[in-house]
Amino acid sequence: MEMSKRSSQLTKSNLEIFSIVWLDTSVNLIQENLDVQQRIRATINHLEIFSTRDECEQYIRSVHFDDQIIFIVDRQSSQDIVPDIHQLPQISSIYIYCLDKQKYDPWTKSFSKIKNVIAHVDELIEQIQLDQIKRVHNRLNETLSIDFFHANESSEQSSTTLNGQFIHSQLLINCLLRMKLTINDKNELISLCKEEYNGNPRQLSIVGEFETNYSPDRAVWWYTRDSFLYKVFNKALRTQNIDVLFLFRFFLRDLELQLKQYKCSSTIRVYRGQLISKNELNKLKASIGQFISMNSFLSTTIDRDVALFFIGDTHSLDDELEPILFEIDVDPRPDGTKPVADITSLSYFRAEQEVLIMLGSIFRLTDLHQDENEIWIGQMTLCSDNDHHLNQVFEFMKDEYGTGETDLLSFGHKLKDMGRFDDAGKYYRRLLNELPCDHKDVPRCYHNLGNMAFQKGDYDSSLQWYNKSLEIWNRTLEANDPLLATSYNNIGLVYDDQNDSKKALEMYEKALQIWKQKFGENHANVAKCYNNIGVIYRKEKNYHTALNYYQKALTILQKLLPVDHPDLGSPHSCIANIYYYIGEYDLALHYHEQAHRIKLKTLPSQHSSIANTLENIGLVYEYKADLQRSLSYYKNASDMFHHTLPSTHPSVIKVEQSVNRILSKIASEGALHE
């Protein structure tokens, strides 16, 4: 049952955006009353119950700010806790359960999120139901999930970091849409939903209806219905919950097919009324003239007045919310434009003139201004996939996964490239469990599990997986097969990180011999191997030879890859390191900054490779005696490493030591000046 009485209990994650948190310290109205719990969960499934104020606040603060909490509190605790949690973005609405309503009404006027003071439980439940129906129908409280692409090279650094997320969100959608489907896909999703809604008869009934009656030609009908499916699917899209999105891939494909079948054939202007946070508004202000993409299907209407009605009363808004009306011009005719369809005849709510825009559609934000009613007007134009400046990189990276169906192996590769190593390993293991032991992809799974262990710093496990794959490939492949070269190269990386340069160089040279024999000199794998050999010579302080290998690698890759391809980042970083070691700090910074620029544009914003570059820049500034800048880069690197790697990973430990070292130096300098 999706309910907990204390935050000390291990609660399941909430698959929906909304949840109810009830702090009941006095009357025990909710604790043992299963009927009340069930009636509440009929409206909002996820219910957390607390009897102590501190545990309650701790839980609320642990909830992600993109989630939305409906908070119910008794009068005993309201004046104590409400001032402390009212400003939190995850708090959507507050209801005070109090028998003496008149006494507490004046105090509540100071807090805009307090929706009502209610004396009777039936009235409380009814009020929550009515308010939630309004929220769901208008879909106002759903935060926008937007990726930004700033094509202007002079844009501020903070905005260009979002370009990598833009590309990888597009690639993830592309991979899911092309993924091979199985007869068990829907059953897995249904099992998950039955577990999530256990103890919620209303939603379980709808899950059963979906299990029995769903068909691809009713995908839009199910999407527009107020049920578990929309709530779970939409949150998974907004938060990129990989496990849930994977189960929804059949539904995602069905939705796209229906939108293509009913797509608009001529130009149209559509509207969407929305509440957004001030933070989201500021990002939009910084993106005028740039490209944006929504990480969800976008519900719009052809009626401007309807969109304005959905915004509601702008005079009673929370201080952190701003009203915005998107005016979107759509021309569906150019090639590469994602489908846009009038779904009036397909929708659960047929009375509405709704136009649905495909997930991942790209828009150019042409203008943003306030009208006379202080409503922000965001004017956008739907673009084709061929319009944005990163299309060349996007197409190149997409082709790396092939042009046909994708499978669990390519899905794992996509997650790996996004820096989501645990998720990638999960799907490699899933594939391994599904394959017969003699299948050709078994050693590929072993090899990729070795990659994941290597990325996490578990070198012993990494070597075990690599050697398992190599043993099979040595038996089944020709001696010059490129897969053997890949295996030798990656085993070399492990030995290199274990500081066994002799074994590492031996493996790299084996790989290089095969790749040059099969592909010639001008191949990306040859370049990567040159780069790895350069690392060995750099560690041996043979800087001239190392620089020669790095430059050979960079020259080859620049011939083969688009100018902003992420694989160009590594040789730039390596060349920068050589200049650092020979004391050419300005040249080192130049190449590090080139690497940083490329990685920011093409990798997710928290990728560990970006952290490596930040750490290296911090090191250069340390040796230039610019300690404050050095500290800033080290701290940023530390934050990123902690986001993607376990605390025991060598990279995490090393950068924390660097932070402490700089702090010590700064303290020493301060003491000298006193």
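A few remarks follow.
- The condition (being out of contact with any strand residue (DSSP E or B) (no Cβ under 9 Å at 6 or more places or on another chain), outside any helix (DSSP H, G or I) and β-branched (V, I, T)) is satisfied by just one residue among T613, T648: T648.
- Within the stretch 316-344, considering residues that are under 30 Å from F111 (Cβ atoms) and either outside the structural domain of E374 (by TED's automatic domain parsing) or assigned to a loop (DSSP other than H, G, I, E, B) (or both), the one modelled with the highest pLDDT: E320
- Residues of the stretch 170-185 classified as surrounded by 14 or more Cβ atoms within 10 Å (Cβ to Cβ) and either more than 30 Å from Q353 (Cα to Cα) or aliphatic (A, V, I, L, M) (or both), total: 9
- Among the residues of the stretch 534-555, just one is buried (at least 23 other Cβ atoms within 10 Å of the Cβ) and either in contact with a Leu (Cβ under 8 Å, 6 or more places away or on another chain) or free of Cβ contacts under 8 Å to residues at least 12 places away in the same chain (or both), namely G534.
- Candidates in the stretch 350-366 are the residues that are more than 23 Å from the chain's Cα centre (by Cα) and part of a loop (DSSP other than H, G, I, E, B); of these, the one that is modelled with the lowest pLDDT is A351.
- The residues listed here are P216, P201; of these, the one that is modelled with pLDDT under 95 and touching a helix residue (DSSP H, G or I) at 6+ places or on another chain (Cβ under 9 Å) is P201.
- Test: residue in the stretch 186-197 that is of a type outside the set (K, R), under 23 Å from K414 (Cα atoms) and in the same structural domain as I357 (by TED's automatic domain parsing): yes
- Unmet criterion (only one of (1) closer than 26 Å to Q68 by Cβ; (2) modelled with pLDDT of 90 or more; (3) within 28 Å of the chain's Cα centre (by Cα)) for S347: (3)
- Taken over the stretch 42-61, residues that are touching a residue at least 24 places away in the same chain (Cβ under 8 Å) and part of a helix (DSSP H, G or I) amount to 8.
- Filter pass, L308 being among the hydrophobic types (A, V, I, L, M, F, W, C), under 18 Å from N373 (Cβ atoms) and surrounded by 20 or more Cβ atoms within 10 Å (Cβ to Cβ): no
- In the stretch 637-648, residue farthest from the chain's Cα centre (by Cα) [restricted to those that are closer than 14 Å to S609 by Cα and not aliphatic (A, V, I, L, M)]: S638
- The set of residues in the stretch 199-226 that are exposed (fewer than 14 other Cβ atoms within 10 Å of the Cβ), more than 17 Å from T43 (Cβ to Cβ) and in contact (Cβ under 8 Å) with a residue 24 or more places away in the chain comprises P216, D217.
- Of all the listed residues (N467, N499), the sole one being part of a loop (DSSP other than H, G, I, E, B) and closer than 23 Å to F454 by Cα is N499.
- Helices (runs of 4 or more DSSP H) wholly inside the stretch 402-461 that include at least 2 residues being surrounded by fewer than 17 Cβ atoms within 10 Å (Cβ to Cβ) and over 23 Å from the mean Cα position of the chain (by Cα): 421-434
- Residue among A595, A667 that is part of a helix (DSSP H, G or I) and either in contact (Cβ under 8 Å) with a residue 12 or more places away in the chain or touching a helix residue (DSSP H, G or I) at 6+ places or on another chain (Cβ under 9 Å) (or both): A595
The values are calculated or read from the model by the stated rules, or taken from the named source; none is laboratory data. If you're wondering where the values come from, they're calculated on a predicted model, not measured in any experiment. For neighbour counting, all protein chains shown are included, and Cβ atoms are generated from backbone atoms with ideal geometry for every residue, glycine included.
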